[in-house]
Amino acid sequence: MKDPTSPATSKASGVAWPPIAIPGQGLPRNREERTEPRPETGGATSDAPNRSTPGLPDSAGDPAPGGSETQDGGGAAGEGSALLDDLRTAIGRYVVLPSDEALTAVTLWVAASHIQPGLQHAPRLAVVGPTKGCGKSRLLDVLYETVHQPMMTVNTSPAVVFRVIGKNPPTLLVDEADTIFGPKAGDKEDLRGLLNAGHQRNRPAWRISGPEHKPTAFPTFAMAALAGIGDLPDTIMDRAIVIRMQKRKPGERITPFRSRYSVPELHALRDRLADWLVPLRGTVAGSVPKMPVEDRAADTWEPLVIVADLAGGQWPARARAACLSMTRSEVVQDEQTTLKTRLLRDIRRVFDQEGGREALRSQDLLAVLIQDAEAPWAEYGTKGLNAYHLANLLRDFGISPANYRFENGRQAKAYARNQFLDAWARYCPAPAASVPTAEVPARPTRGKPPAPPCGTLPTGPPGGPAGPRPTR
């Protein structure tokens with residue numbers, strides 16, 4: 001026998017059911033306030049009742065009598081929190097991220113892309129790794145299917161990107177970011193400037209445009225994810241949530257990414273995110289969440305915390321914990337990076353002092369480094385810099401000691417000069433040598449005869465060899 005209070009028999013029994021809850025808005029007062037349902041995509045259901053959480057009363061989200069509706073991002077059934085849980089699970093199924101905090105950050109960054117028009121800052125997502133094969137491109141594949149209006153910029157001209165960004169900007173995805181910021185950047189200055197300026201709203205790029213060559217302001221505000229080997233420039237890393245990818249361990253398994261089943265699943269999550277967050281863009285514009293960090297870190301993480309507060313449940317605490325953990329980790333990383341760059345400069349100075357030597361013994365190199373009173377190496381660690389510390393600091397640059405045979409026939413652990421050439425060029429390039437210019441003789445002052453030339457005049461017949469003849 002059917003339950004007379006179930007939705008299937010509500011018309012016959014005359015039971016008045018409350019309106020359907022919209023994620024992020026609770027229960028609307030009128031059905032006309034609901035957004036138009038999206039068409040089904042790859043098995044995603046656009047029928048809101050089918051997404052309600054079973055076991056909770058349908059009237060749990062009714063506003064209190066005489067009071068305003070409480071906005072619990074997930075509505076009566078906590079659907080915002082459940083949706084982020086589903087998205088987090090899907091991302092973790094295809095990519096192994098370095099930590100739970102990183103997985104939380106990527107999940108919230110994807111959701112924040114759907115409320116870009118209401119945000120003040122557009123955080124970057126810097127997906128970096130020490131080598132290839134760390135999952136950077138696979139993460140971009142997942143982002144492409146879940147973020148708001150994705151736009152790959154690898155083969156896109158900067159002029160197209162400038163004209164696409166508008167009031168409802170796309171989400172820029174940049175793979176192989178070293179082609180933009182590295183030594184092979186070439187003519188990518190416009191795109192590089194756009195990525196630097198687009199972190200904050202109202203920072204347009206001015207260009208001469210049109211047949212009349214009028215100055216035109218192009219908006220640059222857009223969220224962007226950048227993937228590449230090695231750290232990106234400080235101007236990007238300082239405005240980014242940094243995901244430091246690593247290669248998977250032998251026991252870590254992922255689901256292969258296949259378009260026939262992965263894309264429909266991720267598109268379904270994308271459509272649910274849009275149904276939840278797009279109606280909240282006006283509300284987000286006035287949100288001022290309580291942040292656990294300050295200054296630029298707060299600007300970068302604020303959109304993610306806003307989404308977490310809208311979702312409710314465990315997400316507000318989870319987002320702030322990830323913010324603190326990852327921000328502190330980057331502070332330590334910056335200190336280490338600065339120290340490693342100092343080490344590269346000091347080692348180059350030692351090689352320059354040693355003349356044209358192709359390799360230096362590890363112990364000889366350490367002895368010279370420690371003797372520098374102005375360097376931090378004598379006080380590094382508990383007893384100063386040692387061979388283990390030196391190898392550990394240089395490991396990220398792909399530099400390691402090896403057996404080297406010296407002139408006397410003896411072998412020893414040593415560092416070869418050619419191992420450092422690439423790291424020196426990337427992280428501490430030598431200042432460009434000044435090009436000598438030909439001296440231009442000054443014009444003589446009027447009224448005074450020119451000064452006689454100094455030095456010995458050449459001897460010999462005209463056209464002969466210049467200079468004095470050598471004495472026998």
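The values are calculated or read from the model by the stated rules, or taken from the named source; none is laboratory data. This is a predicted model, so every value here is computed, not measured. Counting neighbours? That spans all protein chains shown, and the Cβs are built from the backbone with ideal geometry, glycine included. For the accessible areas, the whole protein counts, side chains as well, though only heavy atoms, and no ligand, DNA or RNA atoms are used. Shrake-Rupley method; radii C 1.70, N 1.55, O 1.52, S 1.80 Å.
What to note about this one:
- Only listed residue being among the charged types (D, E, K, R), within 21 Å of the chain's Cα centre (by Cα) and surrounded by fewer than 20 Cβ atoms within 10 Å (Cβ to Cβ), chosen from ARG260, ARG244: ARG244
- Count - residues of region 101-135 that are under 30 Å from PHE397 (Cβ atoms), open to solvent by 10 Å² or more (accessible area, probe 1.4 Å) and part of a helix (DSSP H, G or I): 2
- Of everything in region 206-224 that is in contact with a strand residue (DSSP E or B) (Cβ under 9 Å, 6 or more places away or on another chain) and part of a loop (DSSP other than H, G, I, E, B), the residue that is farthest from VAL242 (Cα to Cα) is GLY210.
- Scan of region 218-241 for residues that are surrounded by fewer than 17 Cβ atoms within 10 Å (Cβ to Cβ) and touching a Phe, Trp or Tyr at 6+ places or on another chain (Cβ under 8 Å), ordered by number: PRO233
- Any chance ALA416 is open to solvent by 10 Å² or more (accessible area, probe 1.4 Å) and more than 19 Å from GLU335 (Cβ to Cβ): yes
- Selection of region 298-348 for residues being at pLDDT 95 or above, touching an Asp or Glu at 6+ places or on another chain (Cβ under 6 Å) and either over 14 Å from ALA105 (Cα atoms) or aromatic (Phe, Trp, Tyr) (or both) yields an empty set.
- Scanning region 354-385 for residues that are farther than 16 Å from ARG342 by Cα and of a type in the set (S, T, N, Q) yields SER362, GLN363, THR382.
- For beta carbons closer than 8 Å, sequence separation of 6+ or different chains, a first residue in region 180-200 that is closer than 20 Å to MET151 by Cβ and open to solvent by 30 Å² or more (accessible area, probe 1.4 Å) and a second that is modelled with pLDDT under 70 and not β-branched (Val, Ile, Thr), the qualifying pairs are ARG192/ALA185.
- Residue that is farthest from GLN200 (Cα to Cα) [pool: residues in region 293-321 that are of a type outside the set (A, V, I, L, M) and surrounded by fewer than 17 Cβ atoms within 10 Å (Cβ to Cβ)]: GLN314
- Test: residue in region 373-386 that is surrounded by fewer than 10 Cβ atoms within 10 Å (Cβ to Cβ), closer than 22 Å to ASP178 by Cα and at pLDDT below 85: no
- Filter result (open to solvent by 50 Å² or more (accessible area, probe 1.4 Å) and without any contact (Cβ under 8 Å) to a residue 60 or more places away in the chain) within region 137-158: TYR144, GLN149, MET152, VAL154, ASN155, SER157
- Residue match in region 257-280 (condition: touching a Pro at 6+ places or on another chain (Cβ under 7 Å), farther than 17 Å from GLY92 by Cβ and basic (Lys, Arg)): no
- Yes/no for LEU360 being at pLDDT 90 or above and either open to solvent by 70 Å² or more (accessible area, probe 1.4 Å) or more than 30 Å from LEU232 (Cα to Cα) (or both): yes
- The selection criterion, being farther than 17 Å from THR107 by Cα, open to solvent by less than 10 Å² (accessible area, probe 1.4 Å) and touching a residue at least 12 places away in the same chain (Cβ under 8 Å), holds for VAL284.
- Of the residues making up region 225-262, just one is of a type in the set (D, E, K, R) and part of a strand (DSSP E or B), namely ARG244.
- Among the residues of region 169-179, those identified as modelled with pLDDT of 85 or more and either within 21 Å of GLN120 (Cα to Cα) or open to solvent by less than 30 Å² (accessible area, probe 1.4 Å) (or both) are PRO169, PRO170, THR171, LEU172, LEU173, VAL174.
- Conditions (1) in contact (Cβ under 8 Å) with a residue 24 or more places away in the chain; (2) surrounded by fewer than 22 Cβ atoms within 10 Å (Cβ to Cβ); (3) assigned to a helix (DSSP H, G or I); number of the one not met by PRO98: (3)
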